[in-house]
Amino acid sequence: MRYRKCPSCGEPMLRRNFHGSSGVVVDVCGPHGIWLDRGELATLIEFASTGAMAKADRHSAERADVRKRLDAFADDLRAVGPQYNVVGRGFIAR
């Protein structure tokens, strides 16, 4: 994998799958934004026009909601007392 330098500042850019599920790996510079290679814009427009981007947004929101509920559940367990630790998907008694 080759990390490209930002055309504006010359710093190495991060590589990210656009929108998490587009299949298009874009180069990202925090201060200067997203940089696309030839053909990537057309692929991203198709990704958005087919409804896949909206579906990815819904899926991301659902995952965030599940994570929030799991965190709240773990907080509730910790509030009950120190007799249990939440570890991965299980519990360990102390």
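The values are calculated or read from the model by the stated rules, or taken from the named source; none is laboratory data. From a predicted model like this one, the values you see are computed outputs, not experimental measurements. FYI the Cβ positions are ideal-geometry reconstructions off the backbone, even for glycines, and counts take in every protein chain you see.
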>> Could you go through region 33-48 and let me know if any residue there is without any contact (Cβ under 8 Å) to a residue 40 or more places away in the chain, surrounded by fewer than 11 Cβ atoms within 10 Å (Cβ to Cβ) and in contact with a Ser or Thr (Cβ under 9 Å, 6 or more places away or on another chain).
In response: no
Reported set for region 1-51 where residues are in contact with a Phe, Trp or Tyr (Cβ under 6 Å, 6 or more places away or on another chain) and of a type outside the set (A, V, I, L, M, F, W, C) is P12, S22, D27
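For region 3-32, give me the residue count where each residue is of a type in the set (D, E) and touching a Leu at 6+ places or on another chain (Cβ under 9 Å). Show your work before the answer.
Of the residues in region 3-32, the ones of a type in the set (D, E) are 11, 27.
Checking the rest, the ones that are also touching a Leu at 6+ places or on another chain (Cβ under 9 Å) come to 27.
Number satisfying all stated conditions: 1.
Yes/no per residue for (1) modelled with pLDDT of 85 or more; (2) more than 19 Å from the chain's Cα centre (by Cα); (3) outside any helix (DSSP H, G or I):
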{"site": "L41", "(1), (2), (3)": "yes, yes, no"}
{"site": "D57", "(1), (2), (3)": "no, no, no"}
{"site": "A61", "(1), (2), (3)": "no, no, no"}
{"site": "V66", "(1), (2), (3)": "yes, no, no"}
{"site": "R69", "(1), (2), (3)": "yes, no, no"}
{"site": "A79", "(1), (2), (3)": "no, yes, no"}
